[in-house]
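Peer 1: Would you mind keeping the following structure in view while I ask a few things?
The values are calculated or read from the model by the stated rules, or taken from the named source; none is laboratory data. If you're wondering where the values come from, they're calculated on a predicted model, not measured in any experiment. Positions of Cβ are generated from backbone atoms using ideal geometry, with glycine treated the same way; all protein chains shown enter the neighbour counts.
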Amino acid sequence: MADGAGTILRETLRIRLRALGFDAVRFARAEPAFGDGLNAWLSDGNQADMTWLERGAAKRGDPALVLPGVRTIIMLGVNYGMADKPAEATPRWARYAQYSDYHDTIAAALVEAGAVLEEVGGIGPADHRHYVDTGPVLERGWAARAGLGFTGKNAMLISREFGNWLFLACVLTRLDLPPDAPLPGKPPEATGTHAGQLCGKCTRCIDACPTKAFTAPGVIDARLCVSYQTIENKGIIPRELRAGIGNRIYGCDTCLEVCPWNRFAQASREILVTARPEIARLSLAEVLELTPASFAVIFKKTAVKRVKLAGLLRNACIVAGNIGASECVEALAELAATGVPLVRAHAVWALARLGQRERLQALFSAETDSAVLAEYAAENLCAGADMSARAVIS
Ligand code: SF4
Ligand code: SF4
């Protein structure tokens, strides 16, 4: 496409896509540019059990494997900045969890974006594909390539307009459009290997990480990360990481919150996301007393559904143990007696932190699950018991 016509088409699309609710709309030339950093990160095992990252590695390195004939990647950002800094409440929720599930709302807008491309660009439905977060596309890398921001030492995409608070989505298209320029500095990379383009000497994110999950600037070992452990890990959270979780019940924003680039953050327009302030108002005791029915109602259409009730109760037990929530002892004892094994195991840990050894010794006599028994054993609460005869492999 001739440069002038391409530029007019690109700017028309930028206006139309912004009108759909996308706050940042940037264009990159699709080429097999990325992948080495990702492969190194994967071969080091940093992805923990997120094996879907390995399965899509080849496609992540070459967008033509995702959409043959692709010429342009349109990177889209949705600002989820808050008008006021969230209060330091306990329990603490990642900011994105305090909104409606962006996957759903942005996916609907991406369908509309596809219709805009067809109308304005004269292409067909087979000439574009879109993803929000879960596709085989290195969204952060392409966003940096398109100049939407840069990859910080915290491994996040940092925008000079919105700080650290952007949801990313992308549209791959066969439309040939002139690319936007990346930000000045070192060449943007897909993963953290050259992260920190505009960080300067700052290392606040790395220093603030509660579990020391950074192995290098821009490289996070997911196995040590609170976000991974409280959201992606569906099983027992390693005992040695529990203290570092502190009062974080779902996700962790610490390495985002401390970033000085957030001085440019703006309040969300809330066109494609809707604030759910009631979530942050839940007390820890209220979370520990959730039932399947109340969980379904309160977290309907939010990302928190992803951890399911058992995962959230597991996390709440850890917070209770960490902050010494004595007002939660009864709820924890109930969970240690009647919860599913995953929850019972963490309730035992929390009750031990709260000094409830006698109560735990009483509960121990009825326990048969091997994972829960391991928690009793780690707390020296089963002296003399024949563990091999008790354990039922669950
Ligand atoms: S999300 Fe939290 S735990 Fe994970 S790297 Fe950032 S600060 Fe560390
Ligand atoms: S906190 Fe500092 S080092 Fe970390 S991403 Fe922000 S500017 Fe870069």
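Peer 1: Checking Val219 against (1) at pLDDT 95 or above; (2) closer than 29 Å to Ile318 by Cβ, which single condition isn't satisfied?
Peer 2: With respect to (1) at pLDDT 95 or above; (2) closer than 29 Å to Ile318 by Cβ, Val219 is out only on (1).
Peer 1: Give the range 150-164 a look and list any residue that's part of a loop (DSSP other than H, G, I, E, B) and on the phi < 0 side of the Ramachandran plot, or say none. Talk me through it step by step, then tell me what you get.
Peer 2: As a first pass, look at the range 150-164 and keep what is part of a loop (DSSP other than H, G, I, E, B): 152-156, 160-162, 164.
Listed by number, the residues that qualify are Gly152, Lys153, Asn154, Met156, Arg160, Glu161, Phe162, Asn164.
Peer 1: Same structure, new question: What is the number of the single condition among (1) in contact with a helix residue (DSSP H, G or I) (Cβ under 6 Å, 6 or more places away or on another chain); (2) over 25 Å from Arg306 (Cα atoms); (3) not acidic (Asp, Glu) that Pro91 does not meet?
Peer 2: Just one mismatch for Pro91, condition (2).
Peer 1: Tally time: how many residues in the range 240-287 are under 19 Å from the mean Cα position of the chain (by Cα) and either without any contact (Cβ under 8 Å) to a residue 60 or more places away in the chain or not in a loop (DSSP other than H, G, I, E, B) (or both)?
Peer 2: The total comes to 14.
Peer 1: Something else about it: Scan the range 217-239 and tell me whether some residue there is among the acidic types (Asp, Glu) and within 13 Å of ligand 2 (Cβ to nearest atom).
Peer 2: For the range 217-239, residues among the acidic types (Asp, Glu) and within 13 Å of ligand 2 (Cβ to nearest atom): absent.
Peer 1: If you go through the range 227-246 one residue at a time, do you hit one that is under 25 Å from Lys201 (Cα atoms) and either modelled with pLDDT of 95 or more or within 12 Å of ligand 1 (Cβ to nearest atom) (or both)?
Peer 2: No.
Peer 1: Something else: Report, by residue number, each residue of the range 11-31 that is of a type in the set (A, V, I, L, M) and either more than 18 Å from Arg145 (Cβ to Cβ) or outside any loop (DSSP other than H, G, I, E, B) (or both).
Peer 2: Leu13, Ile15, Leu17, Ala19, Leu20, Ala24, Val25, Ala28
Peer 1: Among the listed residues His130, His103, which satisfies the condition of being touching a helix residue (DSSP H, G or I) at 6+ places or on another chain (Cβ under 7 Å) and either charged (D, E, K, R) or not in a loop (DSSP other than H, G, I, E, B) (or both)? Can you show your working first?
Peer 2: Working: His103 fails: touching a helix residue (DSSP H, G or I) at 6+ places or on another chain (Cβ under 7 Å).
Checking each option against the conditions leaves just His130.
Peer 1: Report the residue count in the range 211-239 for those that are touching a residue at least 60 places away in the same chain (Cβ under 8 Å), in a loop (DSSP other than H, G, I, E, B) and farther than 24 Å from Gln197 by Cα.
Peer 2: Adding up the residues that qualify gives 5.
Peer 1: If Trp142 passes every condition in (1) within 16 Å of ligand 1 (Cβ to nearest atom); (2) surrounded by 24 or more Cβ atoms within 10 Å (Cβ to Cβ); (3) under 23 Å from Ala303 (Cβ atoms) but one, which one does it miss?
Peer 2: Trp142 satisfies all of (1) within 16 Å of ligand 1 (Cβ to nearest atom); (2) surrounded by 24 or more Cβ atoms within 10 Å (Cβ to Cβ); (3) under 23 Å from Ala303 (Cβ atoms) except (1).
Peer 1: Okay, next question. If I ask for residues that are under 15 Å from Leu256 (Cα atoms) and more than 8 Å from ligand 2 (Cβ to nearest atom), which ones from the range 196-207 would you list?
Peer 2: Asp207
Peer 1: Identify, from the list Phe167, Phe214, Phe264, Phe162, the residue that is buried (at least 22 other Cβ atoms within 10 Å of the Cβ), closer than 28 Å to Asp104 by Cα and within 14 Å of ligand 2 (Cβ to nearest atom). Spell out how you get there, then give the answer.
Peer 2: Numbers: Phe167 fails: within 14 Å of ligand 2 (Cβ to nearest atom); Phe214 fails: closer than 28 Å to Asp104 by Cα; Phe264 fails: buried (at least 22 other Cβ atoms within 10 Å of the Cβ).
Only one candidate passes the filter, namely Phe162.
Peer 1: Could you please let me know if Arg306 is outside any loop (DSSP other than H, G, I, E, B) and at pLDDT below 95?
Peer 2: Values: outside any loop (DSSP other than H, G, I, E, B): yes; at pLDDT below 95: yes.
Yes.
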